[in-house]
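Before any comments, here is the structure.
The values are calculated or read from the model by the stated rules, or taken from the named source; none is laboratory data. Owing to the predicted nature of the structure, the values given are computational and were not obtained by experimental measurement. With ideal geometry, Cβ positions are generated from the backbone for all residues, glycine too; neighbour counts draw on all protein chains shown.
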Amino acid sequence: MAIIKHSQVVEDPWTTVTAVDDPLPSNDQPVIVSLARWQADRAALIARRSPLGLRLSSAESPAVVADDLAYFELFALEFPAFTDGRAYSHARLLRERYGYSGEIRAVGHVLRDQLIFMRRCGFDAFEVPRSGDAAAALAQFQAALSEIDVWYQTAPDAQTPVFARRQHMSEAFLNGTAG
């Protein structure tokens, strides 16, 4: 299955295993597990040789695993409905409070119109809902990531907000370095 990661369409190498009793893939295959699975099989999952990801429902805060962040190369944060924005907060917590630099993936009810705001909160990968032409859906979602490029607020994505640009231009003018 293809996903959008860092604004590019790429194949997803990860296998998701959410049930506690479902078998895990081979030791060399990246796996995303649920919080319940992590809590039940923590030692065995740490011993695996493959990359490990954690899928959190919107009701599960990353604070629960704050001491274990080094074990995870990926966090998959669920959007159960477009009206449930807790995953936005979870992504910001991971980036800003905990300094997490790995992949944060939006999964579930991911909407094209919200994609760019998800990225501003710290998401860098997105599962695109599948209905109809998958290639067209991926292209539309990918295009959404470049529709807005001027921001008024600061965010974890390190984009320079308008007020900072204006301040820089004013300082350059006053210093005589404006060109």
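Among the residues of region 100-129, those identified as surrounded by fewer than 23 Cβ atoms within 10 Å (Cβ to Cβ) and basic (Lys, Arg) are Arg112, Arg120. Is it fair to say Asp28 is farther than 29 Å from Arg120 by Cβ and surrounded by 15 or more Cβ atoms within 10 Å (Cβ to Cβ)? No: the conditions fail for Asp28. In region 22-36, the residues that are over 21 Å from Leu56 (Cβ atoms) reach residues that are among the charged types (D, E, K, R) and crowded, with 16+ Cβ neighbours inside 10 Å with C-beta atoms within less than 8 angstrom, at least six apart or across chains, in these pairs: Asn27/Arg48. For region 31-40, the tally of residues that are surrounded by fewer than 16 Cβ atoms within 10 Å (Cβ to Cβ) and within 19 Å of Ala70 (Cβ to Cβ) stands at 1. Residues that are among the aliphatic types (A, V, I, L, M) and in a loop (DSSP other than H, G, I, E, B) were ranked within region 87-125; the one that is modelled with the lowest pLDDT is Leu111. When you check Gln142 against the structure, is it more than 20 Å from Ala19 (Cα to Cα) and of a type in the set (S, T, N, Q), yes or no? Yes.
Looking at Pro80, Pro129, which one is modelled with pLDDT under 90 and assigned by TED's automatic domain parsing to the domain that holds Trp38? The conditions single out Pro129.
Reported count of residues in region 44-63, each being in a helix (DSSP H, G or I) and small (Gly, Ala, Ser), is 3. Tell me, please, whether a residue that is surrounded by 11 or more Cβ atoms within 10 Å (Cβ to Cβ), of a type in the set (S, T, N, Q), modelled with pLDDT of 85 or more and part of a helix (DSSP H, G or I) can be found in region 132-141. No, the conditions are met nowhere in region 132-141.
Considered as a group, the residues in region 70-84 that are aromatic (Phe, Trp, Tyr) and closer than 11 Å to Phe123 by Cβ include one that is surrounded by the most Cβ atoms within 10 Å (Cβ to Cβ), and that residue is Phe75.
Conditions tested, residue by residue: (1) assigned to a loop (DSSP other than H, G, I, E, B); (2) assigned by TED's automatic domain parsing to the domain that holds Val107; (3) among the charged types (D, E, K, R); (4) at positive phi.
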| residue | (1), (2), (3), (4) |
| --- | --- |
| Val9 | no, yes, no, no |
| Ala19 | yes, yes, no, no |
| Leu24 | yes, yes, no, no |
| Asp28 | yes, yes, yes, no |
| Ile32 | no, yes, no, no |
| Trp38 | no, yes, no, no |
| Arg42 | no, yes, yes, no |
